[in-house]
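Accompanying notes for the structure given below.
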Amino acid sequence: MKDYVSIINAPTDDKPFHQTYTVEFLGNVVEGQKIHYLNLDINKLKELSIAQLKDGEPVWFGCDVGQWSDREQGIMDTELYNYEDVLNVEFSLDKGERLKYGESVLTHAMVFTGVNLYNDRPDRWKVQNSWGEDAGQDGFFVMSDNWFEEFNYEVVINKKYLSEQLLKDYKKEPVQLAPWDPMGSLACR
């Protein structure tokens, strides 16, 4: 487990990228590791996830699974429902604002088992869930790349995929977040 690090995407004003974070009171296991996150741009989370998947290793991730998803069909896509036209409303909050105002938060963890690359760019992700074979297609979901950008907040990556600079960033003294910070809702080392 010491070979893996938690990379988050929390694009909020109070969490600059390339800084590390911990959450007060989450490191409460005697002799256990404290929560330690490195905050990076969402494209870096994708890049690192793709590198690990290309080596045949799944990627654990934390997301807001209830947003724009269909559990029965196993689809996670920001284009799944057309709420704006049907309800005559505009959803204008960006990812950082959704975190800041509590409209979105990490609610569930799953595993990426594959990614579809089109012209070397991801367009969808294969997700294995823990809800049994009745959810999705035999327990697997498909996630659009746009959904990844909007509602995926954390990946766990082997250190061997991080550049020297990212490893150096990861070793920074972490800023302690309040226990109610959204990044503490689904804690992983």
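Within segment 139-182, how many residues turn out to be at pLDDT below 95 and touching a Leu at 6+ places or on another chain (Cβ under 6 Å)?
So the answer is 1.
Considering each residue of segment 39-67, count those that are over 22 Å from Thr20 (Cα atoms), among the charged types (D, E, K, R) and either free of Cβ contacts under 8 Å to residues at least 40 places away in the same chain or touching a Pro at 6+ places or on another chain (Cβ under 6 Å) (or both), and give that number.
2
Can you spot a residue in segment 19-26 that is free of Cβ contacts under 8 Å to residues at least 40 places away in the same chain and not in a strand (DSSP E or B)?
No.
Looking for something loosely packed, with under 15 Cβ neighbours inside 10 Å and closer than 28 Å to Glu173 by Cα - is there at least one such residue anywhere in segment 83-99?
Keep residues of segment 83-99 that are loosely packed, with under 15 Cβ neighbours inside 10 Å, which gives 83-94, 97.
Right, trim to closer than 28 Å to Glu173 by Cα and you get 97.
Yes, segment 83-99 contains at least one residue that is loosely packed, with under 15 Cβ neighbours inside 10 Å and closer than 28 Å to Glu173 by Cα.
Would you pick out the residues in segment 152-178 that are closer than 18 Å to Ile50 by Cβ and surrounded by 13 or more Cβ atoms within 10 Å (Cβ to Cβ)?
Asn152, Tyr153, Glu154, Val155, Val156, Ile157, Asn158, Tyr161, Leu162, Leu166
Only one of (1) surrounded by 12 or more Cβ atoms within 10 Å (Cβ to Cβ); (2) more than 18 Å from Gln52 (Cα to Cα) is not met by Trp125, so which one is it?
Of (1) surrounded by 12 or more Cβ atoms within 10 Å (Cβ to Cβ); (2) more than 18 Å from Gln52 (Cα to Cα), only one is false for Trp125: (2).
The values are calculated or read from the model by the stated rules, or taken from the named source; none is laboratory data. Just so it is clear, the structure is predicted and the values come from calculations on it, not from any experiment. Ideal geometry is used to build each Cβ from the backbone, glycine not excepted, and the neighbour counts take in all protein chains shown.
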